[in-house]
Amino acid sequence: MQYLLSGITTGSIYAIVAIGFNIIYNTTGIINFAQGEFLMLGGMISISLCSVMPLPLAIALAVAVTAAVGYCIELLFVRWIHNPTVLRMVVMTIGISILIREIALHVWDEKVRSLPYFTGNEVTSVSILGARISPQILWVLGTCALIVVLLNLFYGRTLLGKAMRACSANRMAASLCGINAGRMVTVSFMLSAAIGALAGCVISPMTQTQYDCGTSLAIKGFTAAIFGGLGSSSGAVIAGLLIGVIEAVSISVLPLAYKDAVTLTLLLLILVVRPSGLFGSREAGALKEF
Amino acid sequence: MALLEVNNLCRSFGGLRAVNNVSFRVNTGTIKAVIGPNGAGKTTLFNLIAGALKPDGGSILFNGRSIYGLPPFRVAAAGISRTFQNIKLFGNMTVAENIMVGRHTRSGSGFAASMLSLPRTRREEREIAERAAELARLFGIEDVLDAGAASLDFGRQRAVEFARALASEPQLLLLDEPAAGLNIYETNELAKRIVRIRDMGITILLIEHDMSLVMDISDEIAVLSYGEKIAEGPPCNVRNNPQVIAVYLGGDVAQD
Amino acid sequence: MKRFVAIGALAAAVIALHLLFAAAGAEYLLVQLTMAAYYALVVIGLCLLMGYAGQISLGHAAFFALGGYTAAVLSTNSFTQLMGAPALERLVHWGLVTAGTDAYGAAAHQVPVWLSLPLAVAAAAAVALVIGIPVLKLKGHYLAMATLGFGTILYRIFLGTRLFGEADGISSVRPCALLPGLTIGGDTALRTQNYYFAWALVLLAMVLSLNIVSSRAGRALRSIHGSEEAAAAMGVNTARYKLYVFILSAVFAAVGGFFMTHFNGGIGPAEAGIMKSVRYVAIVAVGGMANLWGSLLIGVLLNFLSLRGIFGSYDDAVFGALLVFIMALAPDGILRREFLHRIMRVRIRWPFSK
Ligand SMILES: Nc1ncnc2c1ncn2[C@@H]1O[C@H](COP(=O)(O)OP(=O)(O)OP(=O)(O)O)[C@@H](O)[C@H]1O
Ligand SMILES: [Mg+2]
């Protein structure tokens, strides 16, 4: 039960990272290797800000700043490069992730920090179904669920969301219908950065934040994205939770040091055996529905 | 004698039967054309023969031996060479190098021999280069041998692809819409070239939309529509086949 | 012909640098140049794989570390502990292992280099084979992530395993006597011979690689980069060629790691880290991708500066920035490809110029 719970908690974060990958992948076909850095930035900025302002405000501001970073990345490195090769974008976003990380290192140093618990502290616990859990777990799960619900509403109900879906289905046709495809790319980068930052804030009290915590999150998130079928958000959620649980269980049988190796072996297996993911069918792969 | 014999070949994409029970043969030393409206399954048929797609069923015999389901490089080694409908050149290489890759199946230096640059390898390398230059002259592209393949105009890119396919001295050459995008002058040149290649003893299977070209040069024609072969025979017969006319003029005529 | 001129020029430059540093009384710089040469072996292999065959690998540091850890385990008391006394006695008896003590006086057996080097090469080749067969089927993002994943797995294993010294790595690796009068080790007295040995390896790797790229195999590799479908249609066994070049590059890297570890007297898990792998990719990218000379030049230059500590705490940032700006502004590298390619193309061209 304990494993399950901690697995679901980290898993929900992987799911958010995976959704972040999907948002950008759907509009641009780019896998943004700097996705994990958005979480780190969100955590770090909110930690710095919360010493001078109340927690909710600090988080809101951190999300806004990270979204602005996403905007800058799009503006500086994506917007004006036409028909880039995959290799070029992979290498470039890796470079961006290194740069963000190194800047964070010099701004915040390499100390491990964390936000205060949103309610109570490390030892507070609430009892649900007989298990005693930290309220922060509820915060994490609640926030992730909220993000998924809001995103679904956004894509399903709002004009902007529908326009973004149109873009990911067929960019050319969408622009012919008068949708500004370029703006959709901008929005997707900002959106992806913002939800990453929010996720980075809510896990900070539990897992702590360090300048280089993004890489491993990005790899796990990518595993979830592939596992769930690249581009599918419901797949990402299920896969994310699953990976979280697998990881939690693996800790109980293998040394902690091999935790990442387990997830990565899983990633390799998925890539080799079924790159279309758990739910993505090979033929529907082209049809990207959020 | 039939060089290529295709029997009951099938391939579906999801529910779409792109190639459905198609059978035909290509006789040695002839030009055979495959025609049909857009989406009839012609390119799919080529991909099945060349090994780029795996068939769902049927058989493919080349020189009496089955090449059904073989990977493309084995089909190439067996003596079948091809061009692509949307040109696929090696854009990162020069024209000369593109044609030289075409000699791959006709040369044998492996990875280790290449690495050590053995005398045998060097000799072979010279032969490959000479052969490529010869082919380039045949296609009138000897002046751009050192240009990047991606930098050429469309007509010349087609010529390079053609030369590359021919460099392997295939027994059977698959040409997928070689005249697409060419002007009348270039198309005439192409027709002459195809006939000359046939006369050199190379059998040709050709997909083409340009009817006058097809009728002029082919010895036999097969017509595909919605994945099925609806007619086959010499040009004069196919030209007057009511079903073929119906397919080309619109579906309703067939019922009349 | 000009290829030999270029190789000759490189050899001359190696000698000239030695004489220059000796004259300036700065022979200590040879140490970093030696290490840069070992890293250059990784770069040369990766250049073949990524630049010519178009297959990205974000895990190549793992092969370097694999070679290094093989060297380290087989010549320190890790090996003594791994094998246990009875097995060791038998191995010593057969002449496969020499007994000795390490710097701390503990028993440490050493596998002689004529056996340990082939073992390192075989280990790298075997891992490359096992990983390469499934992974090289992937393309684009998937290949990038899979190689990144593979590299990280090995990194985690080095980092988390007792035998490999966990976070501390393995130190007190003894010098290895390669030939009479040639010992690979970090001793000051050995500096010059190590420098020449490392660069002789680089020259050898360059000759082999240049031979490949200007021949049938090299064209096959580049045709895969250009269009895998067309390459296969021309008869190129694409899967096999990709695997060959992957294994070759892994072997180059492992050889570099092997000798680097003996030279440095140790190795740590950071050598297998993602940042190292990314660094090699950055070097090949800056060098102009399909450009062996460019990659070699940039690789030696950047690694030399980095090892000298020029970049200070901005070491990784420099490589990150390089990646971003090269990919954004000059995806073909900063060295004029045409210029350097002229050297390589000559052999292909000369039959026509007759
Ligand atoms: N890889 C594929 N996946 C799904 N459907 C495919 C695929 N390749 C072809 N098709 C479908 O199969 C049918 C036949 O396509 P094909 O390219 O063989 O036609 P064609 O006769 O060559 O047409 P054209 O004259 O336009 O080149 C088409 O409806 C096409 O959409
Ligand atoms: Mg077609």
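Explain nothing, just the number: dipole magnitude of the stretch A:85-237 about its Cα centre with +1 on each Lys and Arg Cβ and -1 on each Asp and Glu Cβ, in debye rounded to the nearest 20.
Charge dipole of the stretch A:85-237: 560 debye, to the nearest 20.
Can you put B:GLU127, A:GLU37, C:GLU271 in order of accessible area, largest first, using a 1.4 Å probe?
The ordering from most to least exposed comes out as B:GLU127, C:GLU271, A:GLU37.
At a Förster distance of 45 Å, what's the computed FRET efficiency of A:ILE246 paired with B:LEU61, Cβ-Cβ distance as r, to 0.05?
Efficiency at R0 = 45 Å is approximately 0.35.
With a 1.4 Å probe and all protein chains in place, put B:LYS54, C:LYS137, B:LYS88 in order of accessible area, largest first.
On the way: B:LYS54 105, C:LYS137 145, B:LYS88 45 Å².
Descending order: C:LYS137, B:LYS54, B:LYS88.
Angle between the Cα long axis of helix B:184-199 and the longest principal axis of chain B, 0 to 90 degrees, nearest 10?
80
Take every DSSP beta bridge whose two residues both sit in the protein assembly as shown, then give the antiparallel share in percent to the nearest 5.
Antiparallel bridges make up about 65 percent of those DSSP assigns within the protein assembly as shown.
Rolling a 1.4 angstrom probe over the protein chains, ignoring ligands and nucleic acids, what is the accessible area of A:TRP80 in square angstrom, nearest 10?
Here the residue's solvent-accessible area equals roughly 120 Å².
Using protein heavy atoms only (no ligands, DNA or RNA), what is the total accessible area buried between B and C, 1.4 Å probe, nearest 100 Å²?
3400
Can you give me the % of accessible surface on the stretch B:1-66 that is carbon or sulfur? Probe 1.4 Å, all protein chains present, nothing else counted. Could the numbers behind the result be given before it?
Working: 1260 of 2650 Å².
About 48 percent, which is the carbon plus sulfur part of the accessible surface.
Tell me the Kirkwood hydrodynamic radius of chain B in angstroms, computed as one over the mean inverse distance between distinct C-alpha pairs.
On the way: mean 1/r = 0.0522 Å⁻¹.
Evaluated on chain B, it is 19.1 Å.
For chain B, what is the charge dipole size about the Cα centre, in debye to the nearest 20, if Lys and Arg each add +1 at the Cβ and Asp and Glu each add -1 at the Cβ?
Magnitude of the dipole: close to 840 debye.
Please give the contour-minus-distance gain from A:VAL253 to A:LYS162: 0.36 nm per residue of separation, less the Cα-Cα distance, rounded to one decimal in nm. Before the final figure, lay out the partial values.
Numbers: separation 91, 0.36 × 91 = 32.76 nm, distance 4.55 nm.
Between A:VAL253 and A:LYS162, full extension yields an extra 28.2 nm.
Roll a 1.4 Å probe over the protein heavy atoms and report the accessible area of C:SER171 in Å², nearest 10.
70
Rounded to the nearest 20 debye, what is the charge dipole size of the stretch B:89-168 about its Cα centre when +1 sits on each Lys and Arg Cβ and -1 on each Asp and Glu Cβ?
Around 300 debye, computed over the stretch B:89-168.
Given a 10 angstrom Cα cut-off, can you work out which residue in C:LEU322, C:LEU49, C:LEU74 is the most mobile in a GNM of chain C?
C:LEU322
Identify all lysines with a Cα-Cα distance to B:LYS229 below 22 Å; exclude those on the same chain that are fewer than 8 residues away in sequence.
Leaving aside lysines fewer than 8 places away in the same chain, those within reach of B:LYS229 are B:LYS32, B:LYS42, B:LYS54.
Between the alpha-carbon centers of the stretch C:186-217 and the stretch A:239-258, tell me the distance in whole angstrom.
About 44 Å separates the Cα centre of the stretch C:186-217 from the one of the stretch A:239-258.
Using Cα centres only, tell me the gap between the stretch C:1-44 and the stretch A:1-16 in whole Å.
If you average the Cα positions of each part, the centres end up 53 Å apart.
Charges on Cβ only, +1 for Lys and Arg, -1 for Asp and Glu, centred on the Cα centroid of the protein assembly as shown; of C:SER313, A:SER232, A:VAL91, which one is farthest towards the dipole's positive end?
Of the candidates, A:VAL91 comes out farthest on the positive side.
Kindly express, to the nearest 10 degrees and within the range 0 to 90, the angle between helix B:154-166's C-alpha long axis and the longest C-alpha principal axis of chain B.
Once rounded, one gets 80 degrees.
What value, in deg cm²/dmol to 500, does the helix sum -39500 (n - 2.57) over DSSP H runs of n ≥ 4 give at 222 nm once divided by the residues of chain A?
-23500 deg cm²/dmol
Go through A:ILE8, A:ILE133 and list them by solvent-accessible area, largest first, probe radius 1.4 Å.
Ranked from most to least accessible, the order is A:ILE8, A:ILE133.
Please name whichever of B:THR44, A:ASN152, C:VAL173 sits farthest to the positive end of the charge dipole of the protein assembly as shown, dipole taken about the Cα centre and charges placed at Cβ: Lys and Arg +1, Asp and Glu -1.
Checked the options; the winner is B:THR44.
Just A:ILE13, A:ILE251, A:ILE243 to compare: in a GNM of chain A, with alpha carbon springs under 10 Å, which one fluctuates most?
Answer for the Gaussian network model of chain A: A:ILE251.
Quick one: which bits of the stretch C:174-217 get at least 20 Å² less accessible when the partner protein chains are in, versus the chain alone, with a 1.4 Å probe?
C:LEU208, C:ASN211, C:ILE212, C:SER215, C:ARG216, C:ALA217
So, R0 is 60 Å and r is the distance between the beta-carbons of A:PHE154 and C:ARG308; what FRET efficiency does that work out to, to 0.05? Numbers along the way, then the final one.
Working: r = 52 Å, r/R0 = 0.86.
Between A:PHE154 and C:ARG308 the formula returns 0.70.
Give me the residues in the stretch A:81-101 whose solvent-accessible area, probe 1.4 Å, is reduced by at least 10 Å² once all protein chains are included instead of the chain isolated.
Residues of the stretch A:81-101 that lose at least 10 Å² of accessible area once the other chains are added: A:VAL86, A:LEU87, A:ARG88, A:VAL90, A:VAL91, A:MET92, A:ILE94, A:GLY95, A:ILE98, A:LEU99, A:ARG101.
Remind me, relative contact order of chain B in percent, using alpha carbon pairs under 8 angstrom and six or more residues apart? Can you show the working numbers first?
Working: 455 pairs, mean separation 69.5, N = 256.
It rounds to 27 percent for chain B.
Per residue, how much accessible surface does the stretch A:43-90 expose to a 1.4 Å probe? Answer in Å², no decimals.
Working: 2340 Å² over 48 residues.
For the stretch A:43-90, the solvent-accessible area averages 49 Å² per residue.
Using a 1.4 angstrom probe on heavy atoms only, work out the carbon and sulfur share of the accessible area of the stretch B:89-168 in %.
49
Which lysines, if any, have their Cα less than 25 Å from the Cα of A:LYS220, not counting same-chain residues under 8 positions apart?
A:LYS111, A:LYS259, A:LYS288, C:LYS137, C:LYS139, C:LYS276
Once Lys and Arg get +1 and Asp and Glu get -1 on their Cβ, which of A:VAL112, A:THR143, A:CYS213 lies farthest toward the positive end of the dipole of the stretch A:9-213?
Value: A:THR143.
Pop a pseudo-label 7 angstrom from the Cα along the beta-carbon direction at both B:LEU249 and B:ASP146 and give the gap in nm to one decimal.
5.8
For the protein assembly as shown, what class follows from the C-alpha gyration tensor (a ≥ b ≥ c being the square roots of its eigenvalues): rounded when a/c is under 1.5, otherwise prolate if a/b is larger than b/c, else oblate?
Since a/c reaches 1.5 but b/c is at least a/b, the shape of the protein assembly as shown is classed as oblate.
Loop only by DSSP, 15 or fewer other Cβ within 10 Å of the Cβ. Give me the chymotrypsin sites (Phe, Trp or Tyr not before Pro) in the stretch B:56-130 that pass, ordered by residue number.
none
Between A:ARG183 and C:ALA23, what is the FRET efficiency for a Förster distance of 56 Å, r being their Cβ-Cβ separation, to the nearest 0.05?
0.35
Of the heavy-atom accessible surface of the stretch A:9-112 (probe 1.4 angstrom), what whole percent is carbon and sulfur? Before the final figure, lay out the partial values.
Values: 2490 of 3520 Å².
So the carbon and sulfur contribution to the accessible surface is 71 percent.
Calculate the spin-label point distance for B:GLU186 paired with B:CYS236, positioning each point 7 Å from the Cα along the beta-carbon direction, and give it in nanometres.
Using points 7 Å along Cα→Cβ, the separation is 3.4 nm.
Mind grabbing the interface size between A and C? I mean buried accessible area, both sides, 1.4 Å probe, in Å² to the nearest hundred.
Buried: approximately 3300 Å² between C and A.
If you count only protein heavy atoms and use a 1.4 Å probe, how large is the accessible surface of B:HIS209, to the nearest 10 Å²?
70
Between C:GLY309, C:GLY268, C:GLY288, which gets the highest mean-square fluctuation from a Gaussian network model of chain C, Cα cutoff 10 Å?
Most flexible of the set in this elastic network: C:GLY309.
For peptide B:79-85, how many partner chain Cβ atoms fall within 10 Å of a residue's Cβ, on average?
Mean inter-chain Cβ contacts per residue within 10 Å come to 2.
The values are calculated or read from the model by the stated rules, or taken from the named source; none is laboratory data. Computed from a prediction, not measured in an experiment: that's the story for all the values here. Neighbour counts are summed over all protein chains in view; Cβ atoms, including those assigned to glycine, are modelled from backbone coordinates with ideal geometry. Areas reflect the complete protein model, heavy atoms only, side chains present, ligands, DNA and RNA absent. Shrake-Rupley method; radii C 1.70, N 1.55, O 1.52, S 1.80 Å.
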